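The values are calculated or read from the model by the stated rules, or taken from the named source; none is laboratory data. If you're wondering where the values come from, they're calculated on a predicted model, not measured in any experiment. Note: ideal-geometry Cβ built from the backbone for every residue, glycine included; neighbour counts use all protein chains shown.
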Amino acid sequence: MNLRGLIVAIMLVLAVAGCATPSRAPVAQMAVVISPMTWRQVDQEVFAASQNATEQAKLYARGAMEHWRTRVYQQTEENFIPWFSSYWTQEWLSMKVSWYTMSAGGEQDASARRLADYLLEQYRERVLAPVAVEIDPDAILGETTAYYVQLLHQQMQVIAQRHGVPMPQLYGRIQKIPAIALGPPPARDASLYQVVQAAPLNTLPAYAALIDKIHTAGGAKGIGSTDAGMTPVATRASRRMEAEMAPRGAASAVAAAAGKFAGGLISLGVAGVRAIIQANDRPDSEALIRSSLGGSFDKNWQKLLHNPSTGVMAGTLYLAGQVESHLASSVEPPVGVGLDAVEWTPSGATTQQLHP
């Protein structure tokens with residue numbers, strides 16, 4: 001046998017021997033023994049981390065809501081007010097008010113209410129919907145809740161490292177902490193472990209149930225409601241337009257009696273007078289829109305920011321309340337765990353520093 005054949009034979013023998021050797025079973029990782037005192041410290045710091053994450057989530061929510069309010073004001077100024085104040089829009093609204101008045105059947109303020117509904121529809125279409133493509137309170141609600149969960153999860157990793165607790169063992173402990181308890185059915189419940197492991201958070205059925213609960217508590221009108229603010233705008237416009245109807249009707253009758261040529265001149269003259277009246281009324285009308293819509297919007301904005309059950313912090317406050325109420329009985333008064341404050345940038349993004 002030549003040298004090459006000998007080498008091949010040896011390699012075959014080694015390969016067969018290797019296949020025949022049974023594979024070793026994986027070595028099970030031994031659980032680290034954690035003292036009750038250490039677990040108590042871990043619970044205390046998770047409690048404090050939840051409180052700190054909640055405070056940072058509040059800063060995040062306020063910054064995002066400020067950005068939303070600024071965009072709504074810009075869109076109102078650039079789109080809705082010029083549309084409402086234009087001559088042709090006023091003519092179109094006057095026609096609608098005429099129709100509302102004729103079909104009201106003597107009902108008081110019916111035309112003003114129907115005009116308010118129409119203007120609200122236009123406001124949502126021209127202001128709220130375009131801004132919502134970029135940002136809106138529903139999106140802020142979800143982002144704020146996810147931000148709280150992210151911060152809390154990051155701090156739990158820091159806490160585990162600080163106390164020498166393997167993450168699998170910490171995960172086993174937080175599986176016993178209820179974060180969402182809306183069942184039955186069981187799918188509407190979730191532990192803190194399930195919440196921090198959900199990626200993204202909105203894939204968790206219990207979280208979807210929580211958001212639905214918040215929306216239900218918020219009522220049918222939803223976000224960004226300006227119903228109260230639109231009423232005085234519509235009332236003033238409706239009354240002005242109704243007051244213009246009688247002169248218009250008289251001018252039309254005179255124009256019809258004067259003949260085709262003279263009638264056309266009379267109609268043109270009346271239209272010019274209406275245009276002058278509308279132009280003179282425009283500053284007051286726009287001032288009313290700004291004050292009425294602005295006041296109503298600001299009240300709604302404050303409610304969305306601060307209401308713990310229906311506002312943009314509702315998801316965060318619910319989760320934090322569940323976690324902290326479970327841990328409160330077994331921890332001492334909480335202490336800080338080294339979370340720096342969130343810094344808001346003009347673009348609405350956040351920066352943060354986490355350290356042990």
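Being crowded, with 21+ Cβ neighbours inside 10 Å, under 21 Å from Gly218 (Cβ atoms) and of a type in the set (Ser, Thr, Tyr) narrows it down to one residue among Thr144, Thr76; which is it? Before you say what the answer is, go through the steps one by one.
Values: Thr76 fails: under 21 Å from Gly218 (Cβ atoms).
Just one listed residue meets the conditions, Thr144.
Restricting the stretch 142-171 to residues that are outside any helix (DSSP H, G or I) and not small (Gly, Ala, Ser), which is nearest to Glu324 (Cα to Cα)?
Let us first name the residues in the stretch 142-171 that are outside any helix (DSSP H, G or I), namely 164-166.
From what is left, the residues that are not small (Gly, Ala, Ser) are 165-166.
On the way: Val165: 21, Pro166: 22 Å.
Here the residue is Val165.
Go through (1) assigned to a helix (DSSP H, G or I); (2) under 30 Å from Leu293 (Cα atoms); (3) in contact with a helix residue (DSSP H, G or I) (Cβ under 7 Å, 6 or more places away or on another chain) and name the single condition Ala139 misses.
Among (1) assigned to a helix (DSSP H, G or I); (2) under 30 Å from Leu293 (Cα atoms); (3) in contact with a helix residue (DSSP H, G or I) (Cβ under 7 Å, 6 or more places away or on another chain), Ala139 violates only (3).
Do you know which residues across the stretch 146-169 are under 27 Å from the mean Cα position of the chain (by Cα) and of a type in the set (A, V, I, L, M)?
Initial filter on the stretch 146-169 (under 27 Å from the mean Cα position of the chain (by Cα)): 146-156.
Answer for the stretch 146-169, where residues must be under 27 Å from the mean Cα position of the chain (by Cα) and of a type in the set (A, V, I, L, M): Ala146, Val149, Leu151, Leu152, Met156.
Note down all Cβ pairs under 6 Å where the first residue falls in the stretch 275-292 and is over 14 Å from Arg240 (Cα atoms), the second is surrounded by fewer than 13 Cβ atoms within 10 Å (Cβ to Cβ) and at pLDDT 75 or above, and they're at least six residues apart or on different chains.
none
So which residues in the stretch 119-140 are surrounded by fewer than 20 Cβ atoms within 10 Å (Cβ to Cβ) and farther than 16 Å from Thr76 by Cα?
Across the stretch 119-140, the qualifying residues are Asp138, Ala139.
For the stretch 103-136, name all the residues that are part of a loop (DSSP other than H, G, I, E, B) and in contact (Cβ under 8 Å) with a residue 60 or more places away in the chain. Step through it out loud before you land on a result.
Going through the stretch 103-136, the residues part of a loop (DSSP other than H, G, I, E, B) turn out to be 103-109, 133-136.
Once the filter is applied, which keeps residues that are part of a loop (DSSP other than H, G, I, E, B) and in contact (Cβ under 8 Å) with a residue 60 or more places away in the chain, the stretch 103-136 yields Asp109, Glu134, Ile135, Asp136.
Inside the stretch 172-213, can you point out the residues that are touching a Ser or Thr at 6+ places or on another chain (Cβ under 9 Å), over 18 Å from Leu317 (Cβ atoms) and part of a loop (DSSP other than H, G, I, E, B)?
Result: Gln175, Lys176.
For Ala116, indicate whether it is surrounded by fewer than 19 Cβ atoms within 10 Å (Cβ to Cβ), within 20 Å of Ser238 (Cβ to Cβ) and of a type in the set (Gly, Ala, Ser). Outline the logic, then answer.
Values: surrounded by fewer than 19 Cβ atoms within 10 Å (Cβ to Cβ): no; within 20 Å of Ser238 (Cβ to Cβ): yes; of a type in the set (Gly, Ala, Ser): yes.
Considered against the rule, which asks whether it is surrounded by fewer than 19 Cβ atoms within 10 Å (Cβ to Cβ), within 20 Å of Ser238 (Cβ to Cβ) and of a type in the set (Gly, Ala, Ser), Ala116 comes out as no.
Residues checked against (1) within 28 Å of the chain's Cα centre (by Cα); (2) without any contact (Cβ under 8 Å) to a residue 24 or more places away in the chain:
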residue	(1), (2)
Thr54	yes, no
Ala57	yes, no
Thr70	yes, yes
Thr76	yes, no
Phe80	yes, no
Trp83	yes, no
Thr89	no, yes
Met95	no, yes
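Can you name the condition, by its number, that Lys176 falls short on among (1) closer than 18 Å to Ala206 by Cα; (2) surrounded by 17 or more Cβ atoms within 10 Å (Cβ to Cβ); (3) not aromatic (Phe, Trp, Tyr)?
(2)
Being closer than 28 Å to Ala206 by Cβ and small (Gly, Ala, Ser) is the requirement here; does Gly105 meet it? First the steps, then the outcome.
Numbers: closer than 28 Å to Ala206 by Cβ: no; small (Gly, Ala, Ser): yes.
No, not satisfied.
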